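Please read the structure below before turning to the comments.
The values are calculated or read from the model by the stated rules, or taken from the named source; none is laboratory data. In this text, all values refer to a predicted model and were calculated from it rather than measured experimentally. Methodologically, a virtual Cβ is constructed for each residue, glycine included, from the backbone with ideal geometry; neighbour enumeration extends over all protein chains shown.
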Amino acid sequence: ERALRASLKVRPHGNAAALDGLAALAVARGDWRGARTYGERARKLAPDSWSPYAHLVDAGQGLGDAKATGRNLEKLTELASGTAVTLRTVAVYRDRGWREDAEAVLSDAEIRAGTPAEQAALLQRGGDLAWERGDARSALRHADAALAAVPHAAEALAGRGRALVSLGRSSEALQAYREAVERRPDSRYVLELGELYTSLGMTDAARAQYDVLRERAAGTDAGADVLVLGRFEADHGDARAAVTRLREAWKRGPSMAAADALGWALHRAGDDREALGYLRRATDRQKAGTLRSAARMYHRGVVERERGLDGAARRHLDEALRIDPGFSPVDAPRARALRAQLGEPDLRRG
């Protein structure tokens with residue numbers, strides 16, 4: 001970043017490359033407004049270059065600006081193709097709930113993939129989509145195919161672990177997650193491994209993973225990990241600190257993922273009234289499209305139960321478990337227990 005800023009200082013006018021680089025760095029640390037600012041400046045200087053549009057797509061998603069995202073994605077696909085463009089297209093389609101379109105784009109791209117690394121990235125993204133729709137067996141096949149293309153790839157190992165958890169194959173999931181964390185200690189992988197340990201009663205092993213995240217959360221800049229670390233704090237640390245962190249994240253980028261994370265943290269901190277507003281935003285079709293997320297539905301159902309909205313709670317807990325009965329080693333059993341407590345409505349009443 002210092003080098004790019006120095007380049008801008010030396011050549012402050014017409015320096016599209018430096019602006020593009022700063023936009024990329026802003027995306028990497030989750031600074032969506034900064035990414036949009038630098039991306040727009042780079043785009044104006046180099047309107048026929050695809051790279052600024054890629055950063056603007058990322059920024060639009062982070063800011064929850066569907067119109068700008070769609071406009072920039074359209075221009076991006078006019079100027080370029082390849083894996084980077086495909087993955088952004090799939091991400092946008094996924095966030096709009098267009099799963100079949102996203103999967104079709106991935107299938108076409110897999111045929112054209114030029115390198116094993118590209119093939120692995122596309123296969124793993126397909127696995128993510130399969131897991132999100134509750135098809136853990138397909139997710140596992142995708143992860144295994146990605147690992148065949150690029151052995152020991154951390155993202156594919158984590159995807160394999162996620163699918164195995166959903167299938168109830170905990171020992172194999174532990175092995176996959178451990179290797180993923182060893183290869184790349186991404187905060188999401190560390191949290192998922194810690195929660196798998198927790199679900200298995202392996203308290204000391206879970207604590208070791210949570211200590212890693214606690215140290216990261218104490219840092220001055222969580223960057224792109226802010227939502228994961230906020231969720232960790234909400235469930236395993238200081239929920240009020242999570243609310244503070246996630247309010248700032250929401251201000252920087254009011255995405256549906258941020259709404260879900262903030263809503264859940266507010267619930268954990270005891271403010272279910274405000275929490276429900278954010279969780280509705282994260283799941284309502286008018287605001288979140290047709291994206292179906294088991295975790296988000298679970299969060300909403302829990303808070304609705306706390307607010308005495310038992311009918312809505314039943315519907316959303318049912319939907320969470322219908323999407324993926326094994327969506328989390330910790331929360332899926334809680335969802336089933338809460339749903340059992342709610343029972344069935346008394347149709348004889350009013």
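The residues in segment 283-308 that are under 17 Å from the mean Cα position of the chain (by Cα), modelled with pLDDT of 90 or more and assigned to a loop (DSSP other than H, G, I, E, B) can be counted, and the count is 1.
Of the residues making up segment 30-51, just one is assigned to a helix (DSSP H, G or I), in contact (Cβ under 8 Å) with a residue 60 or more places away in the chain and either touching a Cys at 6+ places or on another chain (Cβ under 7 Å) or of a type in the set (D, E, K, R) (or both), namely ARG33. Looking at the structure I just gave you, is LEU196 hydrophobic (A, V, I, L, M, F, W, C), closer than 22 Å to LEU227 by Cα and in contact with an Asp or Glu (Cβ under 9 Å, 6 or more places away or on another chain)? Judged against the criteria, LEU196 is not a match. Residues that are buried (at least 19 other Cβ atoms within 10 Å of the Cβ) and small (Gly, Ala, Ser) within segment 62-116 comprise GLY62, GLY64, ALA102, ALA109, listed in sequence order.
Taking each residue of segment 1-18 that is in contact (Cβ under 8 Å) with a residue 24 or more places away in the chain and looking for partners that are outside any helix (DSSP H, G or I) with beta-carbon atoms closer than 6 Å, six or more apart or interchain, yields ALA16/ALA46. Within segment 234-259, residues that are under 17 Å from ASP58 (Cα atoms) have Cβ atoms under 8 Å from residues that are in a helix (DSSP H, G or I) and among the polar types (S, T, N, Q) in these pairs: SER255/GLN61, counting only partners at least 6 apart in sequence or on another chain. Quick one: would you say GLY134 is in contact (Cβ under 8 Å) with a residue 24 or more places away in the chain, surrounded by 24 or more Cβ atoms within 10 Å (Cβ to Cβ), touching an Asp or Glu at 6+ places or on another chain (Cβ under 7 Å) and closer than 22 Å to ALA261 by Cα? No; evaluated as a whole, the condition is false for this residue.
To keep it simple, each residue is scored yes or no on (1) more than 18 Å from ASP128 (Cα to Cα); (2) in contact with a strand residue (DSSP E or B) (Cβ under 6 Å, 6 or more places away or on another chain); (3) in a loop (DSSP other than H, G, I, E, B).
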site	(1), (2), (3)
ALA68	yes, no, no
ASN72	yes, no, no
GLU78	yes, no, no
THR86	no, no, no
TYR93	no, no, no
GLY97	no, no, yes
ALA102	no, no, no
SER107	no, no, no
ILE111	yes, no, no
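Checked against the criterion of being at pLDDT 95 or above and touching a Leu at 6+ places or on another chain (Cβ under 9 Å), segment 246-258 contains one or more residues that satisfy it.
Taken over segment 14-41, the criterion of being under 21 Å from GLY64 (Cα atoms) and polar (S, T, N, Q) is satisfied by THR37 alone.
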